[in-house]
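Novice: This is the structure I have questions about; it appears just below.
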Amino acid sequence: MIPGFIATNAPALLIAVPLLGAFLSPVIGIISRDARALWVLAIITLTAIIGYFVAFLVYTEGTVLYVFGAAETALTVPPDSGGIPIRIIFAIDAMSALMVIIAVTVGFAVILYSLSSDSRRSGLEAYYTIFLLMIGAVLGMVSTGDLFNFFVFLEISSLASAGLVAYKVERGLAVEAGLKYLLVSTIGGIFFLFAIGILYGQYNALNIAMLAEVIQWTPLDKLALVLIIAALAAKCGAVPMHFWTPDAYSMAPSAVTAMLVVASQASLYGLFRICFTLYGMTLSYVTIGWVIIILGLLSMIVGVTMAIPQKDIKRLMAYHAVSQTGYMLLGVGVGLAVLGDQALLSSYGTTAMEGGIFHIFNHAMYKGLLFLTAGAIIYQVGTSDLNRMGGLGHKMKWTMIFFIIGALAIAGIPPFNGFASKFLIYESVFAFSPILSIIAMVVSILTLASFVKVFHSVFMGPPLPEHENVKEAPHTMLIGMTILAALVIISGIFPEFFIQNLIAPAANALIDQAGYIATVLGGA
Amino acid sequence: MALPTVLSSGYGLWDPILWVIAFIIGIVIAWMLWKSGVSSYKKGSEQGRPYLSGNAEPAKGEVHIRASNLYWGFTEGIKGYYQRVVPLHTGIATDYLLWIFWVTGILLIIVMVV
């Protein structure tokens with residue numbers, strides 16, 4: 001009975017469990033710090049199990065629908081609603097399931113890591129509450145089938161993220177970074193809300209499938225799409241709206257930074273979901289495709305070139321996060337640009353999308369890993385200034401190994417996962433436009449050069465006298481890094497398994513707008 | 001027929017397993033070369049001290065090349081680019097918003113006109 005209830009309501013529990021865990025965390029914290037740590041760990045473990053279960057359902061049985069408050073959880077269009085899906089609906093297809101897997105995997109690893117990395121800090125009752133809220137919000141963003149719901153989760157994610165960026169209040173810069181993030185997020189949120197208002201005013205609906213069925217590409221629809229692209233591209237850190245990224249990523253605790261990467265990717269997911277599933281073939285796909293490609297190109301180039309001269313390890317990595325977002329935009333942008341040409345889509349468009357989507361997964365793993373290694377270094381050395389580091393490879397061997405794995409993956413060196421997704425992007429984008437592919441390869445070379453600098457500055461050289469007392473990071477931090485490092489290696493050595501089972505279904509889910517509409521509306 | 005481990009892009013193939021095997025062979029060769037070295041080496045002895053033409057060894061902190069000294073040639077080589085791009089990163093919050101408004105405006109023109 002209970003497993004049946006859990007199985008039926010798993011999509012709701014995916015959000016309810018982290019939210020419940022968040023609000024009870026301060027209460028449990030009254031007992032003791034250890035009790036709170038165990039509580040938070042139990043909540044994120046349960047959330048991860050539910051997330052994997054929901055994903056399993058999606059991959060075995062197809063899109064999972066969940067209608068809140070309905071007698072039947074899949075009854076999206078009640079008989080007396082006039083054919084309009086009026087309730088809150090979660091529509092979890094293969095693309096959403098992939099994002100759920102990413103969010104719960106990284107969420108589990110970073111919570112485990114932060115049990116040690118942030119144990120020295122005060123205010124942990126608020127920290128874990130906000131952290132779990134952020135994870136819950138990201139899961140909501142990628143699960144919902146409703147535009148207004150997406151906006152609500154986007155706002156929760158933004159507020160929670162801003163609070164976490166500003167968490168180290170003893171450093172004024174962290175508060176400033178949090179404020180900047182909040183400001184950009186607020187403008188993005190207003191843009192998004194305005195766009196929803198435009199669509200609702202025209203079509204009397206907020207459900208994505210319902211809107212997709214009736215949308216027409218009127219001037220108002222164009223205005224709504226522009227506002228959505230600007231809002232979500234700013235939220236995912238695309239150049240030239242990336243300026244908040246180095247500020248926020250560098251000032252947040254490292255575990256938070258790793259999760260911020262996933263929150264940014266949830267915005268990227270929203271951008272792709274709206275372009276493909278909501279607008280689909282009605283939009284001018286060549287124009288919008290090229291808009292996304294150009295945003296990707298700018299992000300790749302400006303991100304990597306700005307990373308090279310950085311002297312702060314996390315700021316440098318933040319610029320690389322911007323650069324890597326460019327690859328995702330490039331791959332999926334090429335897919336969008338040829339959406340209307342079935343021959344080109346089959347020839348290279350789908351592969352480009354698979355490369356871009358696989359890069360989302362890979363980036364979450366290796367960039368999360370790199371931020372965790374940076375956090376371990378800062379935790380032991382007490383500074384993020386690369387000029388004050390050196391010789392740490394003698395004392396922090398495991399952290400160094402994890403850093404090497406992450407660095408080689410981000411630079412696209414085989415056999416790590418970054419290479420597999422970049423390989424798909426290079427080859428498919430080359431068929432679309434050789435110059436774009438060549439630029440992507442050059443950016444990878446510069447990425448490698450940049451991480452060679454970090455590796456030399458941090459780990460190489462003789463042991464420095466000022467770091468005489470430095471030792472390896474605590475075990476829970478190493479376990480968090482091990483989880484992500486293992487995934488970087490496994491998805492690099494068996495990329496075809498991931499492509500066939502996770503990535504290709506996700507790309508097809510984005511392309512198949514008619515299938516999404518039919519599933520959600522049930523032919524209504 | 002492609003093996004399950006082989007990743008196909010439609011234009012080319014990538015087999016990570018073959019690469020791993022090649023990597024392991026490379027490691028074995030490197031290990032054999034290392035093993036063929038002088039066996040009388042003693043770690044921490046006089047043999048391990050750097051030879052600096054008779055000069056005294058500098059302090060450890062002085063011989064480590066710090067991050068700021070790396071890639072200065074690269075940044076100097078494309079100084080013109082950096083002189084334009086770095087000042088755009090003002091750190092001023094209102095500038096961040098201005099960029100969002102600029103992009104929105106340009107996008108609006110493109111989408112409405114094209």
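Novice: Does any residue of the stretch B:54-65 turn out to be aliphatic (A, V, I, L, M), touching a helix residue (DSSP H, G or I) at 6+ places or on another chain (Cβ under 6 Å), within 24 Å of A:PHE451 (Cβ to Cβ) and within 13 Å of another protein chain (Cβ to nearest Cβ)?
Specialist: Scanning the stretch B:54-65, I find no residue that is aliphatic (A, V, I, L, M), touching a helix residue (DSSP H, G or I) at 6+ places or on another chain (Cβ under 6 Å), within 24 Å of A:PHE451 (Cβ to Cβ) and within 13 Å of another protein chain (Cβ to nearest Cβ), so the answer is no.
Novice: Here's another thing I want to ask about it. Filter the stretch A:42-64 down to the residues that are touching a helix residue (DSSP H, G or I) at 6+ places or on another chain (Cβ under 9 Å) and farther than 18 Å from A:ALA137 by Cα and list them by number.
Specialist: A:ALA42, A:PHE53, A:PHE56, A:LEU57, A:VAL58, A:TYR59, A:GLY62, A:THR63, A:VAL64
Novice: Also, quick follow-up: Within the stretch A:385-424, take every residue that is more than 14 Å from A:ALA486 (Cα to Cα) and β-branched (Val, Ile, Thr) and give me the one that is modelled with the highest pLDDT.
Specialist: Selected residue: A:ILE410.
Novice: Small (Gly, Ala, Ser), without any contact (Cβ under 8 Å) to a residue 12 or more places away in the chain, part of a loop (DSSP other than H, G, I, E, B) and farther than 25 Å from A:PRO463 by Cβ - does that describe any residue in the stretch B:10-18?
Specialist: For the stretch B:10-18, residues small (Gly, Ala, Ser), without any contact (Cβ under 8 Å) to a residue 12 or more places away in the chain, part of a loop (DSSP other than H, G, I, E, B) and farther than 25 Å from A:PRO463 by Cβ: present.
Novice: Another question about this same structure. When the residues of the stretch B:66-90 are filtered to those that are farther than 20 Å from A:MET300 by Cα and facing chain A (nearest Cβ under 7 Å), which remaining residue is surrounded by the fewest Cβ atoms within 10 Å (Cβ to Cβ)?
Specialist: That would be B:SER68.
Novice: Which one is nearest to the other protein chains (Cβ to nearest Cβ) among residues in the stretch A:192-237 that are surrounded by fewer than 24 Cβ atoms within 10 Å (Cβ to Cβ) and charged (D, E, K, R)?
Specialist: A:LYS222
Novice: Can you work out which of the residues in the stretch A:294-320 that are under 30 Å from A:ASP512 (Cβ atoms) and buried (at least 24 other Cβ atoms within 10 Å of the Cβ) is nearest to the other protein chains (Cβ to nearest Cβ)?
Specialist: Ranking the qualifying residues of the stretch A:294-320, first place goes to A:LEU295.
Novice: Here's something else I'd like to know. Residues that are of a type outside the set (Asp, Glu) and within 30 Å of A:ILE301 (Cβ to Cβ): find the helices (runs of 4 or more DSSP H) completely inside the stretch A:173-252 holding 2 or more of those.
Specialist: A:219-235, A:244-251
Novice: Quick one: A:GLY356 ticks every box in (1) more than 14 Å from chain B (Cβ to nearest Cβ); (2) under 22 Å from A:GLY326 (Cα atoms) except a single one, so which number is it?
Specialist: The failed condition is (1).
Novice: Here are the criteria: (1) touching a helix residue (DSSP H, G or I) at 6+ places or on another chain (Cβ under 7 Å); (2) among the charged types (D, E, K, R); (3) buried (at least 17 other Cβ atoms within 10 Å of the Cβ). Tell me which single one A:GLU472 does not satisfy.
Specialist: Checking A:GLU472 against (1) touching a helix residue (DSSP H, G or I) at 6+ places or on another chain (Cβ under 7 Å); (2) among the charged types (D, E, K, R); (3) buried (at least 17 other Cβ atoms within 10 Å of the Cβ), the one that fails is (3).
Novice: While we're on this one: Which ranges mark the helices (runs of 4 or more DSSP H) fully within the stretch A:409-511 that have 3 or more residues being within 13 Å of chain B (Cβ to nearest Cβ) and under 24 Å from B:PHE23 (Cβ atoms)?
Specialist: By residue number, A:417-432, A:434-459, A:475-493, A:495-498.
The values are calculated or read from the model by the stated rules, or taken from the named source; none is laboratory data. Remember, it's a predicted structure, so these values are computed and weren't measured experimentally. Glycine also receives a Cβ, built like all others from the backbone with ideal geometry; neighbour counts cover every protein chain displayed.
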